[in-house]
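Written below as structure tokens is the structure these notes are about.
The values are calculated or read from the model by the stated rules, or taken from the named source; none is laboratory data. Every value quoted in this text rests on a predicted model; they were computed, and no experiment measured them. When we count neighbours, we look across all protein chains shown, and the Cβ atoms used for this are built from the backbone with ideal geometry, even at glycine.
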Amino acid sequence: MFRKLTSHLLVLFALVAMPHELVAQEKTGSKDGFAISPGTVRIALLEPRIMVGEQSTGGMFEPNADWTEQARENLERELTKVLGSVGNEVVKLDLATVPDGESVRRYNYLFGAVAGSVMEYQFFPGNRLPTKKNDKSFEWSVGPGLRDAAALEGYDYVLMIRTKDAYGSTGRKALQIVGLLAGVGVTSGEHLGMAGLIDVKTGDLVWLNADMQMGGDPRTPEGASKRVSQLLEGFPGMAGAQK
């Protein structure tokens with residue numbers, strides 16, 4: 001019985017185990033020459049995209065509505081507190097009530113795709129595109145359409161935040177043990193976070209902080225505080241930010 005179970009787990013392991021490259025040294029980037037001083041700009045905060053769930057045995061994400069709601073309450077409470085002291089006015093937009101709300105919301109999804117590309121093809125040196133090898137080549141954009149959105153009139157930048165936490169299921173943890181016995185690593189859990197600042201006039205991504213191994217469990221107030229601190233590390237204009 002044990003031999004048969006082990007055999008099945010090894011087969012499943014072979015199907016789903018893939019070599020995972022850790023995000024290398026870089027986690028933050030900004031457009032060459034970009035800097036903002038306290039008290040000089042207005043920033044619109046879009047509704048953060050928050051997802052929490054389990055990672056199945058096969059590595060698939062299975063959302064959990066209760067966990068997601070807990071994380072949303074904790075993260076938004078912490079963001080409100082921290083963003084009130086960044087040195088510039090930050091206003092959270094209710095996209096359900098502002099003009100062009102749904103159109104603006106789609107840019108959050110686009111931001112996720114662009115930020116993912118930055119992580120894959122610029123932050124990780126092994127995959128870095130030839131055009132991104134220069135230290136001053138942080139040139140990424142979501143397109144110029146934001147400047148036409150009525151909801152963003154009067155704002156200089158848009159802050160977009162996305163987090164995704166997938167906690168390893170019992171099956172995934174068992175597979176991880178089998179992988180350990182087989183001498184091949186299997187990850188259990190995923191904790192992705194990204195925060196980016198976009199120029200409303202140009203659509204350029206001018207600052208990004210992203211990590212595939214974020215700390216802090218956003219389902220708890222203490223964990224959400226740690227997560228927000230990591231997401232906003234080096235935020236432009238904030239006291240102690242790295243330029």
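Miscellaneous remarks
- Sole exception among (1) modelled with pLDDT of 90 or more; (2) surrounded by 19 or more Cβ atoms within 10 Å (Cβ to Cβ); (3) of a type in the set (A, V, I, L, M) for V186, by number: (1)
- Residue in segment 124-140 that is at pLDDT 90 or above, under 22 Å from P48 (Cβ atoms) and out of contact with any strand residue (DSSP E or B) (no Cβ under 8 Å at 6 or more places or on another chain) present: no
Let's see how each residue does on (1) over 19 Å from M238 (Cα atoms); (2) touching a helix residue (DSSP H, G or I) at 6+ places or on another chain (Cβ under 7 Å); (3) modelled with pLDDT under 95:
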{"site": "T40", "(1), (2), (3)": "no, no, yes"}
{"site": "I43", "(1), (2), (3)": "no, no, no"}
{"site": "E47", "(1), (2), (3)": "yes, no, yes"}
{"site": "A65", "(1), (2), (3)": "yes, no, no"}
{"site": "N74", "(1), (2), (3)": "yes, yes, no"}
{"site": "R77", "(1), (2), (3)": "no, no, no"}
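- None of V200, V158 is modelled with pLDDT of 95 or more, among the hydrophobic types (A, V, I, L, M, F, W, C), over 16 Å from the mean Cα position of the chain (by Cα) and crowded, with 19+ Cβ neighbours inside 10 Å except V200.
- Qualifying residue in segment 47-70 (condition: assigned to a strand (DSSP E or B), under 23 Å from A151 (Cβ atoms) and of a type in the set (G, A, S)): no
- Condition check for I50: within 20 Å of L205 (Cβ to Cβ), hydrophobic (A, V, I, L, M, F, W, C) and surrounded by 17 or more Cβ atoms within 10 Å (Cβ to Cβ): no
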